[in-house]
1. Quick one: which residue in LEU191, LEU183 is over 19 Å from PHE481 (Cβ atoms) and either open to solvent by 10 Å² or more (accessible area, probe 1.4 Å) or assigned to a strand (DSSP E or B) (or both)?
2. Please go through the stretch 227-284 and pick out each residue that is more than 8 Å from ligand 1 (Cβ to nearest atom), of a type in the set (Asp, Glu) and outside any strand (DSSP E or B).
3. Please go through (1) among the hydrophobic types (A, V, I, L, M, F, W, C); (2) within 16 Å of ligand 2 (Cβ to nearest atom); (3) open to solvent by less than 10 Å² (accessible area, probe 1.4 Å); (4) within 30 Å of LYS241 (Cβ to Cβ) for LEU311 and return the number of the only condition it doesn't satisfy.
4. Among (1) out of contact with any Lys or Arg (no Cβ under 9 Å at 6 or more places or on another chain); (2) β-branched (Val, Ile, Thr); (3) in contact (Cβ under 8 Å) with a residue 12 or more places away in the chain, which single condition is THR188 missing?
5. Pairs, please: C-beta under 7 Å, at least 6 apart or cross-chain, first residue free of Cβ contacts under 8 Å to residues at least 40 places away in the same chain and in the stretch 325-344, second away from ligand 2 (no atom under 16 Å from the Cβ)?
6. What are the residues in the stretch 346-361 that are open to solvent by 20 Å² or more (accessible area, probe 1.4 Å) and within 15 Å of ligand 1 (Cβ to nearest atom), if any?
7. Cβ-Cβ distance below 8 Å, separation of 6 or more or different chains: which pairs start in the stretch 27-42 with a residue that is surrounded by 10 or more Cβ atoms within 10 Å (Cβ to Cβ) and end on one that is among the hydroxyl-bearing types (Ser, Thr, Tyr) and in a loop (DSSP other than H, G, I, E, B)?
8. How many residues are open to solvent by 20 Å² or more (accessible area, probe 1.4 Å), more than 16 Å from ligand 2 (Cβ to nearest atom) and either in a loop (DSSP other than H, G, I, E, B) or more than 30 Å from TYR364 (Cβ to Cβ) (or both) when one looks only at the stretch 383-419?
Amino acid sequence: MNRQDIFISRKNVSLQQITEDTMINQDTICAIATAQGGAIGTIRVSGTKAIEITDKIFTPTHKNKKLTEQPAYTISFGHIKNDNEIIDEVLVSVFRAPHSYTGEDSTEIMCHGSSYILQQVMQLLIQQGCRTALPGEYTQRAFLNGKMDLSQAEAVADLIASSSAATHRLAMNQMRGGFSKELSDLRTQLLNFTSMIELELDFSEEDVQFANREDLRNLADQIEHVISRLANSFNVGNAIKNGIPVAIIGETNAGKSTLLNVLLNEEKAIVSDIHGTTRDVIEDTVSINGITFRFIDTAGIRETHDTIETLGIERTFKKIEQADIILWMVDSTDARMQIEMLSPKILPLCKNKKLTLLFNKAEYIHENLKSELTRLAKQLNIEYIFISAKNRDNISELENHLTKTASLPQISQNDVIVTNIRHYEALTHALDSIHRVQNGLQTNLSGDFISQDLRECIFHLSDIVGEVTNDQVLGNIFKNFCVGK
Ligand SMILES: Nc1nc2c(ncn2[C@@H]2O[C@H](COP(=O)(O)OP(=O)(O)OP(=O)(O)O)[C@@H](O)[C@H]2O)c(=O)[nH]1
Ligand SMILES: [Mg+2]
């Protein structure tokens with residue numbers, strides 16, 4: 001039984017509705033799978049007629065066999081022709097269902113990378129009965145044909161988007177099924193648990209206990225432990241995937257936007273000597289020593305009657321709350337004053353944050369002032385660095401300090417870490433249910449209530465791998481993929 005059948009039996013709806021809702025159907029689809037500008041361009045064709053349609057536009061050289069006669073996993077050399085005009089010399093690979101990415105018959109046509117050639121080949125395929133694929137449709141077909149579960153399909157998108165060694169490792173692990181294995185073990189345990197409780201319900205009149213309550217409590221604790229470990233890993237997973245949030249804060253004109261531009265190596269924010277230049281939050285990510293940071297430049301903090309600037313400053317305080325690392329930038333020539341002014345506002349907010357003072361414009365100050373500011377930072381027990389954002393002095397020290405401060409755990413290929421907010425939400429719901437189970441066991445709640453909470457927990461875990469996910473959610477997941485994947 002493939003996943004489409006499961007969907008049909010579970011939801012008891014017609015195939016037509018499934019096809020309309022989930023955009024899977026019998027069409028043979030085609031798309032350019034490679035980025036523009038390379039020497040080679042690949043077009044993917046998938047569906048029941050993929051090989052037959054490709055054959056219609058392909059002429060093998062050296063009297064090779066037609067593609068329909070070729071065994072799976074072979075590559076044929078030949079021409080794509082429009083009537084008698086040769087469009088390109090190509091290689092075509094043949095895959096046969098179910099042993100292909102989508103689980104369907106598929107071909108991949110490797111042409112020269114010219115966008116003219118690729119468009120011509122696409123046009124010919126469409127003339128012969130293909131339609132262009134929707135974003136993510138290949139992966140959606142792979143999911144519906146049972147080639148991968150939903151969490152693995154989502155990892156495909158993450159893998160394509162991965163921009164650092166850590167994001168790559170996490171996506172690769174998830175795609176290879178590390179997360180699915182952990183969830184399937186959990187579900188097996190939960191199902192055993194549920195069946196024991198439900199068996200007792202069947203014999204409720206005889207008042208028997210098949211399951212030792214102490215064993216059940218231990219099992220519930222074990223399950224709770226695994227689910228909460230997975231849910232807690234989201235903090236790290238999110239930081240790895242979206243970057244560790246670093247807020248650059250301080251008074252107006254301290255040089256915050258200058259620093260943002262230096263760290264990003266790009267003129268992202270407007271810099272000027274007018275106080276209050278930045279009024280809204282500006283953020284972007286950059287990888288430093290293999291770790292992705294999300295730097296957030298904020299509106300300078302000062303007393304102002306300007307309504308827009310006031311809103312900007314409110315956002316600054318919100319960003320302090322959301323960030324892991326705070327870079328508090330002060331103008332070294334006016335540092336003591338700025339620290340005195342802002343300490344009462346900033347320090348309470350930074351209690352659980354990694355706070356560093358940046359003495360900027362340090363090229364202006366003499367050794368005496370430097371020693372005085374060093375003493376001040378030490379008194380306040382805050383780490384500090386003297387920099388000149390404008391001259392790029394000590395920026396690599398700052399970068400090294402950031403990578404040290406970030407202290408993310410080393411991720412190995414076998415670590416299961418949650419990076420996806422949808423998974424995190426489902427795990428949080430599963431955790432709520434298992435807490436209710438634990439309480440129920442504690443208070444000797446009747447078996448039918450406990451089994452209801454257990455079923456709910458199983459439902460949320462099944463949602464992650466796509467066993468009970470509704471079509472609208474599926475549609476949303478796949479529409480964010482690129483075309484051709
Ligand atoms: N001499 C010197 N000038 C700097 C340095 N860093 C920034 N500046 C200058 O200070 C002025 C203010 O810089 P910005 O980066 O706009 O300051 P900001 O903190 O973003 O200011 P607001 O957006 O108004 O809060 C500009 O004229 C910068 O060129 C530095 O290290 N040395
Ligand atoms: Mg600014």
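The values are calculated or read from the model by the stated rules, or taken from the named source; none is laboratory data. All values derive from a computational prediction rather than experimental measurement. FYI the Cβ positions are ideal-geometry reconstructions off the backbone, even for glycines, and counts take in every protein chain you see. Surface areas here come from the heavy atoms of the whole protein model, side chains and all, with no ligands, DNA or RNA. Shrake-Rupley method; radii C 1.70, N 1.55, O 1.52, S 1.80 Å.
1. On the way: LEU183 fails: either open to solvent by 10 Å² or more (accessible area, probe 1.4 Å) or assigned to a strand (DSSP E or B) (or both).
Being over 19 Å from PHE481 (Cβ atoms) and either open to solvent by 10 Å² or more (accessible area, probe 1.4 Å) or assigned to a strand (DSSP E or B) (or both) holds for just one of LEU191, LEU183, which is LEU191.
2. GLU266, GLU267, ASP280
3. Going through the list (1) among the hydrophobic types (A, V, I, L, M, F, W, C); (2) within 16 Å of ligand 2 (Cβ to nearest atom); (3) open to solvent by less than 10 Å² (accessible area, probe 1.4 Å); (4) within 30 Å of LYS241 (Cβ to Cβ), LEU311 breaks only (3).
4. Result: THR188 passes all but (3).
5. THR333/TYR364; THR333/ILE365
6. Taking the stretch 346-361 and keeping what is open to solvent by 20 Å² or more (accessible area, probe 1.4 Å), we get 347-349, 351-355, 361.
Selection gives LYS361 alone.
7. What qualifies is THR28/THR48; ILE40/THR34; GLY41/THR34; GLY41/SER114; THR42/THR34.
8. Total meeting the criteria: 13.
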